[in-house]
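Here the structure is laid out as structure tokens; the discussion comes afterwards.
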Amino acid sequence: MGGRVTRVFRNFNVENRASREISKEKPTPAPRHRTARLDAMADSPEIKEEVFRKDDRFLTLLKDVYVESRDPPVRVKDGGGEHLPSKQEEKRLTKLGHLEGLDVKKVPKGKISIVEALTLLNNHKLQPQVWTAEKIAAEYSLELKEVNSLLEFFIPFAVQEFRKETKKAITSHKPKQLT
């Protein structure tokens, strides 16, 4: 309802108000900055004449100036080894077995892939006497300190099954009827 009232007042006598605004004299523009005035004066013939006129006194002073410059010797960079890594890392083949399609084939020494990490953690969990930290460090080219930290802080996923006696059966409730 309010929109209709507003529209009526907004559209009232629109053509007359528009023609009145158009017929008004245009306001005088704001004064220009002095740099704008200098640009307009640059086209004047007096300024052009001053620019192109040669001053003999300045010309003789300019002829007395002598500049001698020497460039420093250019050093040629050895471009023989461009785009080559500065340090070649030793790589080792991964020990993945039946999971080799899931992971990378070569890993830098001192590092392991995710699949290898999960495999060695699972092996250590299942057979801790066989897969000791020393054996894992030797097998995967890792430092013993890092292997001990890995075995201490990273635990592989464990599936826990609950016996049926401990599960509580969900009893069905009758829905409340609204009155």
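The values are calculated or read from the model by the stated rules, or taken from the named source; none is laboratory data. Keep in mind that this is a model prediction, so the values were computed, not measured. When we count neighbours, we look across all protein chains shown, and the Cβ atoms used for this are built from the backbone with ideal geometry, even at glycine. What goes into the accessible areas is simple: the full protein's heavy atoms, side chains included, and nothing from ligands, DNA or RNA. Shrake-Rupley method; radii C 1.70, N 1.55, O 1.52, S 1.80 Å.
Looking at the stretch 9-25, which of the residues that are open to solvent by 100 Å² or more (accessible area, probe 1.4 Å) and among the hydrophobic types (A, V, I, L, M, F, W, C) is farthest from the chain's Cα centre (by Cα)?
PHE12
Show the residue pairs that are 6+ apart or on different chains and have beta-carbon atoms under 6 Å apart, the first residue being within the stretch 51-64 and modelled with pLDDT of 90 or more, the second being open to solvent by less than 100 Å² (accessible area, probe 1.4 Å).
Every condition considered, no pair remains.
Scan the stretch 26-46 residue by residue and report those that are surrounded by 10 or more Cβ atoms within 10 Å (Cβ to Cβ), basic (Lys, Arg) and at pLDDT below 75.
ARG37
Among the residues of the stretch 94-140, count how many are modelled with pLDDT of 80 or more, out of contact with any Lys or Arg (no Cβ under 6 Å at 6 or more places or on another chain) and assigned to a loop (DSSP other than H, G, I, E, B).
Total satisfying the criteria: 10.
What pairs come out if I take residues in the stretch 6-34 that are on the phi < 0 side of the Ramachandran plot and pair them with residues that are open to solvent by 100 Å² or more (accessible area, probe 1.4 Å) and of a type in the set (Lys, Arg) whose C-beta lies under 6 Å away, six or more apart or interchain?
Matching pairs, first to second residue: none at all.
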